[in-house]
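Trainee: Below are the C-alpha cells for one structure; questions will follow.
FYI, it's all coordinate maths here, none of it is from the lab. Note that the structure is a prediction, hence the values are computed from the model and not measured. Note that we place each Cβ from the backbone using ideal geometry, even for glycine, and neighbour counts take in every protein chain shown.
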Amino acid sequence: MKVSGLTIVRNAVQFDYPVVEAILSILPLCDEFIVGVGNSQDNTLELVQQIASPKIRIFQSIWDENLRQGGRVLAVETDKAFQQISPDTDWCFYIQADEILHENDLDKVYENMRKNLSDRNVEGLLFRYLHFYGSYDYIGDSRKWYRHEVRIVRNSPKIHSFRDAQGFRWDNRPIKVKDSGGTIFHYGWVRPPEVQAKRQKAFHRFWHDDQWIKTHLTSNDFFDYSQIDSLSLFRGIHPRVMQDRIRSMNWKFDFDPTQKNFGFKAKILYIIEKIFGWRPFEYRNYRLLK
C-alpha cells in the first residue's frame, strides 16, 4: 500500500499557518509528500524546505489572482498537487495548512486505509473535526462548523477538489466513504488578533470582489474574536507537534462557554443536536457507507 500526502500553502509565515506541523503530523503515514508552494511575499518556500525528509517533493505555483469567486483558486491549486502524485499511489492524504492529525490516531487511520484498500466501493475516508477558535482552549460547537470531511481519497483521475477545496467529488457526485477513525484538529481560527485581521482581508480576495471586501470587512487592525455564537471548552490533549506553538501563544482570549448568541431557530437546532447527537439539515459532501 502506497500513500501520498499533499498540501498547498502560500504566505505561511506572514499569516502564521502551522504548515510544518500539518505536514509532520501525517508524514509517518506517507511514502511521499507533495507540497504546492504558491507565489508568496515571505519565506514560505524556505520554511517548507527546512523539513528534513526525503519524502517531500515541492513544486512552485502561481495562484490565479483573477479567480475571486467561491474560493475556486484553492481547488485549482489542490488539483495541481494531485497531478504531482506518483502513478502507483493507492491512497492520497490531503491536509490543509492549518490542519493537524493527532499522533494517537496514526495507527487507526493506517489500519482503515489497509482494511479498505481492496474494496473499490470505498473511494475515501472520513475524519471528525475539532475547530479551535480564539485560543487553544475553545472549540466551535455550533452549526457553522462542519463536523466531518473527507481527507483521504483514492488515487484516481475521477477525483477532483470541490468548490473551495473543503472536500472532493468523484466526477460530479459525492464520494463514497468510510470512517477513518481519525480526528483533524483545525487551527485556522487561532492566530494573534492582528495576524487574523490581515489574513481575513487577504483570504476574502479569493471569494469576493473589492467592493464586497470594502463593504463587509472592517478596517480594524485586530480581529474581534468575541463575535462568536457558541464555544465549548476543549478538555483533551493537543497533538505533540503543536505543543511549541501552544506554549508560545502571546495573546489572551477568554470566553464564557455558557454564553450563547443564537436566534430562536438556531437555538432549537443546537439543543436538538446536543441532546440527540443529530444535526438536522446537515450538509454532507459525501456518502457514508455502512
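Trainee: Just to check I understand the Karplus step: with θ = phi - 60° and J = 6.51 cos²θ - 1.76 cosθ + 1.60, what whole-Hz values come out for the range 125-130, glycine and proline as x?
Mentor: Running phi through 6.51 cos²θ - 1.76 cosθ + 1.60 with θ = phi - 60° gives 10, 9, 10, 6, 10, 10 Hz.
Trainee: Determine the dipole magnitude for the range 1-99: charges of +1 sit on the beta-carbon of Lys and Arg, -1 on that of Asp and Glu, nothing else is charged, the reference point is the Cα centre, and the result goes in debye to the nearest 20.
Mentor: Values: 7 positive and 14 negative charges, 33 e Å.
Once rounded to the nearest 20, the dipole reads 160 debye.
Trainee: Read phi for every residue in the range 217-223 and hand back ³J(HN,Hα) as whole Hz from Karplus 6.51 cos²θ - 1.76 cosθ + 1.60, θ = phi - 60°, with x for Gly and Pro.
Mentor: 9, 6, 8, 5, 7, 10, 6
Trainee: List every residue whose amide H lies under 5 Å from the amide H of GLY188, counting only residues 5 or more places away in sequence or on a different chain, with H placed 1.01 Å from N in the peptide plane.
Mentor: Those qualifying (amide H under 5 Å, at least 5 residues apart or on another chain) are PHE132.
Trainee: Would you mind ranking SER232, SER25 by Cβ crowding within 10 Å, fewest neighbours first? Could the numbers behind the result be given before it?
Mentor: Working: SER232 14, SER25 25.
Listed from fewest to most nearby Cβ atoms, that is SER232, SER25.
Trainee: Let me ask something additional. Nearest 20 debye, what's the magnitude of the dipole of the chain about its Cα centre given +1 on Lys and Arg Cβ and -1 on Asp and Glu Cβ? Kindly include the intermediate steps, with their values, before the conclusion.
Mentor: Numbers: 42 positive and 37 negative charges, 214 e Å.
Rounded to the nearest 20 debye, it is 1020 debye.
Trainee: Could you work out the relative contact order of the chain, using alpha carbon pairs under 8 angstrom and six or more residues apart, expressed as a whole percent?
Mentor: 21 percent
Trainee: Sticking with this one: Going by average Cβ density within 10 Å per residue, which order do the peptides 6-16, 102-112 take, highest to lowest? Kindly include the intermediate steps, with their values, before the conclusion.
Mentor: Values: 6-16: 21.4, 102-112: 17.2.
Output ranking for 6-16, 102-112: 6-16, 102-112.
Trainee: Would you grab the residues whose amide H sits under 5 Å from the one on HIS160? Only those 5+ places off in sequence or on another chain, please, with H modelled 1.01 Å from N.
Mentor: Close amide H contacts, sequence-distant or interchain: ARG169, ASP171.
Trainee: May I ask you to sort TYR94, TYR17, TYR146 by Cβ crowding, counting other Cβ atoms within 10 Å and putting the fewest first? Don't jump to the answer; show the numbers that get you there.
Mentor: On the way: TYR94 26, TYR17 23, TYR146 17.
Lowest count first: TYR146, TYR17, TYR94.
Trainee: For each pair in LYS80/LYS198; LYS158/LYS178; LYS2/LYS55, compute the distance between the two Cα atoms and list the pairs where it is over 20 Å. It would help to have the intermediate numbers written out before the result.
Mentor: Numbers: LYS80/LYS198 26 Å; LYS158/LYS178 18 Å; LYS2/LYS55 12 Å.
Beyond 20 Å: LYS80/LYS198.
Trainee: Among VAL48, TYR225, VAL122, flag the residue with its Cα farthest along the positive direction of the charge dipole of the chain, charges on Cβ as +1 for Lys/Arg and -1 for Asp/Glu.
Mentor: Looking along the dipole axis, the top candidate is VAL122.
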